[in-house]
1. Listed residues 296, 278, 264; which is within 20 Å of the chain's Cα centre (by Cα) and surrounded by fewer than 21 Cβ atoms within 10 Å (Cβ to Cβ)?
2. Just one of (1) at pLDDT 95 or above; (2) within 16 Å of the ligand (Cβ to nearest atom) trips up residue 271, so point out which.
3. Pairs only if they're at least six apart or on different chains, beta carbon under 6 angstrom, first in segment 111-135 and within 10 Å of residue 99 (Cβ to Cβ), second away from the ligand (no atom under 16 Å from the Cβ) and among the small types (Gly, Ala, Ser); list them, first residue then second.
4. Residues of segment 140-151 being among the small types (Gly, Ala, Ser) and within 14 Å of the ligand (Cβ to nearest atom), which ones?
5. For segment 45-61, name all the residues that are farther than 19 Å from residue 138 by Cβ and among the polar types (S, T, N, Q).
6. Kindly provide the set of residues from segment 91-139 that are part of a loop (DSSP other than H, G, I, E, B), surrounded by fewer than 24 Cβ atoms within 10 Å (Cβ to Cβ), of a type in the set (S, T, N, Q) and within 13 Å of the ligand (Cβ to nearest atom), ordered by number.
7. In segment 163-187, which residue that is within 16 Å of the ligand (Cβ to nearest atom) and of a type in the set (A, V, I, L, M, F, W, C) is modelled with the lowest pLDDT?
8. Given the conditions (1) free of Cβ contacts under 8 Å to residues at least 60 places away in the same chain; (2) within 20 Å of the chain's Cα centre (by Cα), which single one is not true for residue 178?
Amino acid sequence: KELKVFAPATVANLSCGFDVLGCCLDSVGDEMVVRKNDLNEIRITKVTGQELPMEADKNVAGVAVKALLKDLESDQGFDIEITKRIKPGSGIGSSAASSAGAVFAVNKLLGEPYSSNQLIPFAMQGELIASGNEHADNVAPALLGGFSLVRSYCPLEVLSLPVPSELRMVVLHPLIEIKTKDSRSIIKQNISLKSAINQWGNLGALISALYTDDYDLLGRSLEDEIVEPIRSILIPYFQELDELSVANGALGFGISGSGPSVYALCKGDENAEKVKQAIKKFYEKKGIDFDLHLSAIN
Ligand code: HSE
């Protein structure tokens, strides 16, 4: 009747995969408790950690669950409690965690009428109200784990990719809020053929690197000349953080989702810890408030 789930944070885009690539962090996320009620109603009964809408139609979890129940033609009611640990507007898939966690729990409580992959479109409805756009690069890895690639949006086709076992992610969240809606509005709608060639070359190489455990190739592929040059302006000391991370041995560095969080992808715990400490020292010296996470990808 009741289920408690961990709703993971995710890093979308990974530089060269804008709107099509994302991965799931295994130790950063929210907690949700979902239980059936006898009221034929979806209720957000408790939210702790952040201020979020309590009205189901305005809460991403409520919207995603309603989309699922509509498709299933079910009038079962559910109560949803959310303990928010991911800050909204941080760039590590806060709304995706709530949407994905809610549909995952509801599906389980209903005896799993859908596969995890089939839950993605429902969770995307939550993303739609959160950011004005139905991107799947956060909700897909939140539901499937590891790395996900959106091969196509219409029809939706999402693939799971392997995770090289030594990959670690350091995520820095400068404590400023950037709404995905806003950071989507500043990017260019048209790109040059030259940029497209560079981008799909890198994305293809990144996928190959995941299959062959080629950490150096993975690092070389984490480039983005389309979105990052525009969005990075909003992130304090972006260039310095990039150089610092790479100088300390990170494989690559970039913006997490729509920012302001940034990520440094590292090989092994020891290197990730070194990069984390270097970033910590640098931001402390600059007097900027931040959260810092080190996580495996799972
Ligand atoms: N792909 C989306 C974007 C992810 O970059 O706008 C948002 O987290």
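The values are calculated or read from the model by the stated rules, or taken from the named source; none is laboratory data. Keep in mind the model is a prediction, meaning the values are calculated, not measured. No Cβ is skipped: glycine too gets one built from the backbone with ideal geometry, and neighbour counts run over all protein chains shown.
1. Working: 278 fails: within 20 Å of the chain's Cα centre (by Cα); 264 fails: surrounded by fewer than 21 Cβ atoms within 10 Å (Cβ to Cβ).
Just one listed residue meets the conditions, 296.
2. Residue 271 satisfies all of (1) at pLDDT 95 or above; (2) within 16 Å of the ligand (Cβ to nearest atom) except (2).
3. 122/67; 125/67
4. We begin by selecting, within segment 140-151, every residue among the small types (Gly, Ala, Ser); these are 140, 142, 145-146, 148.
Of everything in segment 140-151, those that are among the small types (Gly, Ala, Ser) and within 14 Å of the ligand (Cβ to nearest atom) turn out to be 140, 142, 148.
5. 45, 48
6. 133
7. First pass over segment 163-187, keeping only residues within 16 Å of the ligand (Cβ to nearest atom): 169, 171-174, 176-187.
Pick out the ones that are also of a type in the set (A, V, I, L, M, F, W, C) and you get 169, 171-172, 176, 178, 186-187.
Details: 169: 98, 171: 98, 172: 98, 176: 91, 178: 88, 186: 94, 187: 94.
Ranking the candidates gives 178 first.
8. (1)
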